[in-house]
Amino acid sequence: MSRLALALFLSAVGLGAARAAPAGPVAEPLPADVCGALHKDFAAALRFPLKAGLGAPATVIDDTPAGTACTFSGQATGLTHRFDDALKRLQKHVEGWEAIPDFAADGPGSTVEGYRRGDRRIVFALTVEPPAGACDNAVQASCKVPRTRWPWTFRAVAYRQ
């Protein structure tokens, strides 16, 4: 009799868990053609190649929903353009989108920005910093390492919520 009671209990718990609503919104990737266009636009804006795929929206920041998003990432060195110029080119691709203040963060040579349009979201992070171990005890503005040796890192996600 106790095995039967245990089996019924486990079945009830399993059914309840299966019916439980998700804890919050769930992300879905944007349509493939939109992700493809973003991939091309972001790479052109940054002037270095990017990888594209599918992954968790938390690839860029933790404060995003569970689920799946289009992901974009890349790293480069040897670039001669300025950080603020690259950022302005990226921002042109989200003109008309509403900024999400909770996703915004800035530092010297780095930014995180989030945008929404209806149920669509784009979040990206761009960083350029001295090579690891160089200029550790100096402000970036006084770093003597040539800027062309500084690595650039870009991560972005695009999803529907």
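Among the residues of the stretch 142-161, the ones that are of a type in the set (S, T, N, Q), in contact (Cβ under 8 Å) with a residue 60 or more places away in the chain and part of a helix (DSSP H, G or I) come to 1 in all. Please find, within the stretch 105-161, the residue that is farthest from H93 (Cα to Cα) out of those that are among the β-branched types (V, I, T) and surrounded by fewer than 13 Cβ atoms within 10 Å (Cβ to Cβ). The extreme case among them is V139.
Among the residues that make up the stretch 72-80, is at least one of them in contact (Cβ under 8 Å) with a residue 24 or more places away in the chain, crowded, with 17+ Cβ neighbours inside 10 Å, in a loop (DSSP other than H, G, I, E, B) and touching a strand residue (DSSP E or B) at 6+ places or on another chain (Cβ under 8 Å)? Yes, there is a match, as at least one residue in the stretch 72-80 is in contact (Cβ under 8 Å) with a residue 24 or more places away in the chain, crowded, with 17+ Cβ neighbours inside 10 Å, in a loop (DSSP other than H, G, I, E, B) and touching a strand residue (DSSP E or B) at 6+ places or on another chain (Cβ under 8 Å).
The single condition among (1) part of a strand (DSSP E or B); (2) at pLDDT 95 or above that D41 does not satisfy is (1).
The values are calculated or read from the model by the stated rules, or taken from the named source; none is laboratory data. Because the structure is predicted, anything quoted here is derived from the model rather than measured. Because the Cβ atoms are built from the backbone with ideal geometry, glycine has one as well, and the counts that use them run over all protein chains shown.
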